[in-house]
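A short write-up of the structure that comes next.
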Amino acid sequence: MIKNIKYKWVTLLLLLNISTVANAQIDTTFTRVKMNYPDFLSLVNKNNLGFAAEKFNVNIAEANIEASKVFPDPEIAIGASDNGQRRMQMGYGFSTELSWTLELGGKRKARINVAKRNNELIKALLEDYFRNLRADATLNYLTSLKQKEIFKVQLTSYTILKNIAIADSIRFKLGSIAEIDARQSKLEANAMLNNVYQSEADWKTALLELGTMTGNQKADTLYLPIGDLKKFDRVFDLNELIVSAQNNRADLLAALQNKNVLQDVLKLAKANRVLDLGLNMGVESASVVTNIVAPTPSSNTVSMGISIPLKFSNRYRGELKAAEYSVQQADVLYKQTELQIQVEVRKAWLNYLTTQKQVRQFKTDLLADAQRLLDGKVYSYKRGETNLLEVLNAQRTYNETQLNYYETLYNYSAALVELEKTAGIWDINF
């Protein structure tokens with residue numbers, strides 16, 4: 001009867017301690033806002049500062065299109081002449097000349113084509129930037145979910161050890177166990193508490209990273225992601241993934257646009273070698289000369305002319321050769337990008353299959369066995385049928401199994417993110 005009373009008191013204290021530990025973990029430092037994945041991704045699209053900065057490149061490229069349409073400006077020259085011979089009354093004169101360069105060889109059209117192609121390239125690069133940003137943001141979202149689960153595992157383990165320490169303290173006072181056993185259980189609980197503190201800090205750090213991705217500038221606000229790491233099962237065909245990547249990858253499109261840009265640059269380099277004509281028209285006025293030696297009436301002279309530059313610089317083909325080599329280089333880089341994409345898809349596909357097998361391994365009673373082992377050791381320890389060391393070993397096994405499970409779940413979901421990013425598809429939602 002006395003033994004049953006002892007265990008009733010121990011059980012009551014354990015229940016009270018669970019409530020105390022749970023309340024102790026309520027943190028009021030930050031304002032927490034729950035957020036699902038679609039809303040998070042929408043905020044990233046709208047408010048991410050890096051993405052916002054990249055968008056300006058499109059505006060700059062569009063402005064460059066307008067700048068490429070500009071014609072050469074005309075020039076006006078005004079002059080005056082006075083020989084300074086006031087005594088001889090030689091008079092004075094004025095001249096005005098308007099000149100303009102007439103571009104030949106399609107230079108303006110070539111400039112416009114280069115600017116337009118470059119604008120398409122910038123848009124492709126922006127799309128590729130968002131492809132990587134979306135994947136990075138999703139990984140941060142998944143990391144925060146993983147860290148939350150790790151924190152819960154560490155907290156649960158600490159709660160179990162803390163309850164054992166409290167029970168051992170009571171059992172020591174009742175004379176059921178030695179003092180050294182009570183001290184050891186308390187020491188193990190305190191050591192586990194440090195792990196709880198660290199996992200909580202890691203969780204909050206991951207939440208702060210979410211705020212950075214969404215452009216959140218409120219230092220006292222944390223976004224709490226909503227989701228489940230267990231919803232990432234997919235079935236893929238490798239050949240279909242490779243074809244999809246070749247059709248949809250923005251970086252491959254950017255490599256193609258880069259080829260087009262450099263081909264237009266080559267055309268512009270060729271156009272720049274064509275002679276331009278200088279057109280000019282002038283009016284010159286001379287005042288009356290009244291000296292007795294050579295009196296001359298006032299006069300106005302109109303002149304028109306064409307100037308042709310002597311393009312001795314065309315003997316040097318450095319600019320043209322550089323443009324030709326750039327086109328050849330872009331073609332090689334495009335082929336390299338195609339090959340690299342195929343390799344990336346294959347590697348991501350193999351990694352996804354590997355992590356899929358690892359997750360299935362945990363689902364074959366591995367977690368349940370670790371839980372049953374721990375529960376059995378704790379129960380036996382309370383009844384005095386086993387020692388503390390066996391309980392601690394079971395606790396560590398359970399803890400490591402749980403942590404490895406959530407780490408594997410994260411790796412599985414991250415592998416899916418990487419696979420869909422490399423394949424140029426996206427259907428992730430949780």
Quiz prompt | Over the stretch 342-419, relative contact order from alpha-carbon pairs under 8 Å, at least 6 apart, % | solution = 50 percent
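In debye to the nearest 20, how big a dipole does the chain give about its Cα centre with +1 on each Lys and Arg Cβ and -1 on each Asp and Glu Cβ? Could the numbers behind the result be given before it?
Values: 53 positive and 46 negative charges, 137 e Å.
Around 660 debye, computed over the chain.
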Practice problem: Go ahead and set up a Gaussian network model of the chain, Cα springs under 10 Å, then flag whichever of 418, 66, 338 fluctuates most. | Solution: 66
Self-check item: In range of the label at residue 228: residues from the stretch 410-430 whose backbone nitrogen is under 12 Å from the point 7 Å along Cα→Cβ
Solution: 430
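In what sequence, highest mean first, do 245-254, 71-80 appear when ranked by Cβ atoms within 10 angstrom? All intermediate terms of the calculation are to be shown ahead of the outcome.
On the way: 245-254: 18.9, 71-80: 10.2.
Taking the mean over residues of other Cβ atoms within 10 Å, the ranking is 245-254, 71-80.
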Quiz item: Between residue 353 and residue 383, what is the FRET efficiency for a Förster distance of 60 Å, r being their Cβ-Cβ separation, to the nearest 0.05?
Solution: 0.85
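Would you mind getting the accessible area per residue of the chain, heavy atoms of the protein chains only, 1.4 Å probe, in Å²? Walk me through the numbers on the way to the answer.
Numbers: 25130 Å² over 430 residues.
Each residue of the chain exposes 58 Å² on average to a 1.4 Å probe.
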Quiz prompt | Amide proton proximity set for residue 296, modelled H, under 5 Å, gap of 5+ | solution = 289, 290, 291
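At 222 nm, what helix-only mean residue ellipticity would the chain give, in deg cm²/dmol to the nearest 500, using -39500 (n - 2.57) for each DSSP H run of four or more? Walk me through the intermediate numbers first.
Working: 10 runs with 287 residues, N = 430.
Rounded to the nearest 500, the figure is -24000 deg cm²/dmol.
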Quiz item: Could you name the aspartates and glutamates in cross-link range of residue 148, using Cα to Cα under 18 Å and dropping any fewer than eight places away on the same chain?
Solution: 27, 200, 202, 209, 228, 400, 407
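Taking N as the number of residues in the stretch 271-430, what is its alpha-carbon radius of gyration divided by 2.2 N^0.38 Å? Mind showing how you got there, number by number?
Details: Rg = 42.7 Å, N = 160, 2.2 N^0.38 = 15.1 Å.
Here the answer is 2.82, to two decimals.
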Exercise. Using 0.36 nm per residue of separation minus the Cα-Cα distance, give me the extension gain between residue 317 and residue 281 in nm, one decimal.
Key: 9.6 nm
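Work out, step by step, the length gained on full extension between residue 273 and residue 360: first 0.36 nm times the residue separation, then minus their alpha carbon distance; give nm to one decimal. Numbers along the way, then the final one.
Details: separation 87, 0.36 × 87 = 31.32 nm, distance 6.70 nm.
Extra length from residue 273 to residue 360 when fully extended: 24.6 nm.
Multiply the residue separation of residue 49 and residue 235 by 0.36 nm, subtract the distance between their alpha-carbon atoms, and state the gained length in nm to one decimal. The partial results should precede the final answer.
Working: separation 186, 0.36 × 186 = 66.96 nm, distance 3.51 nm.
That works out to 63.5 nm of additional length.
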Self-check item: Cβ-Cβ FRET estimate between residue 338 and residue 427, R0 fixed at 30 Å, reported to 0.05
Solution: 0.80
Exercise. Sort out for me the Cα centre separation of the stretch 203-268 from the stretch 295-326, rounded to whole Å.
Key: 51 Å
Practice problem: Using a cut-off of under 12 Å, list every residue of the stretch 368-382 whose amide N is near the label point 7 Å from the Cα of residue 176 along the Cα-to-beta-carbon line. | Solution: 379-382
Practice problem: Just list whichever of 69/123; 231/347; 335/363 have alpha carbons separated by over 31 Å in the model shown. | Solution: 335/363
Exercise. Go through (i) 27.8; (ii) 29.5; (iii) 22.5 and flag the label whose value is the computed Kirkwood radius over Cα pairs in Å for this structure.
Key: (ii)
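Return the FRET efficiency for the residue pair residue 191, residue 248: r is the Cβ-Cβ distance, R0 is 45 Å, and the value is rounded to the nearest 0.05. Spell out each step's value before the answer.
Working: r = 51 Å, r/R0 = 1.13.
The pair residue 191/residue 248 has a calculated efficiency of 0.35.
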Quiz item: Which shape class, rounded, prolate or oblate, goes with the stretch 193-240 when its Cα gyration tensor gives a ≥ b ≥ c as root eigenvalues, a/c under 1.5 marks rounded, and past that a/b bigger than b/c marks prolate?
Solution: oblate
Exercise. Determine the shape class of the stretch 191-284: with a ≥ b ≥ c the square roots of the Cα gyration tensor eigenvalues, call it rounded for a/c under 1.5, and otherwise prolate if a/b is greater than b/c, oblate otherwise.
Key: oblate
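What percentage of the solvent-accessible surface of the chain, computed with a 1.4 Å probe over protein heavy atoms, is contributed by carbon and sulfur atoms? Numbers along the way, then the final one.
Numbers: 13930 of 25130 Å².
Answer for the chain is 55 percent, counting heavy atoms of protein chains only.
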Quiz prompt | Relative contact order (%) - the chain, alpha-carbon pairs under 8 angstrom, separation at least six | solution = 23 percent
Quiz prompt | Amide proton proximity set for residue 215, modelled H, under 5 Å, gap of 5+ | solution = 49
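The values are calculated or read from the model by the stated rules, or taken from the named source; none is laboratory data. Just so you know, these numbers come straight off a predicted model, no measurement behind them. When we count neighbours, we look across all protein chains shown, and the Cβ atoms used for this are built from the backbone with ideal geometry, even at glycine. For the accessible areas, the whole protein counts, side chains as well, though only heavy atoms, and no ligand, DNA or RNA atoms are used. Shrake-Rupley method; radii C 1.70, N 1.55, O 1.52, S 1.80 Å.
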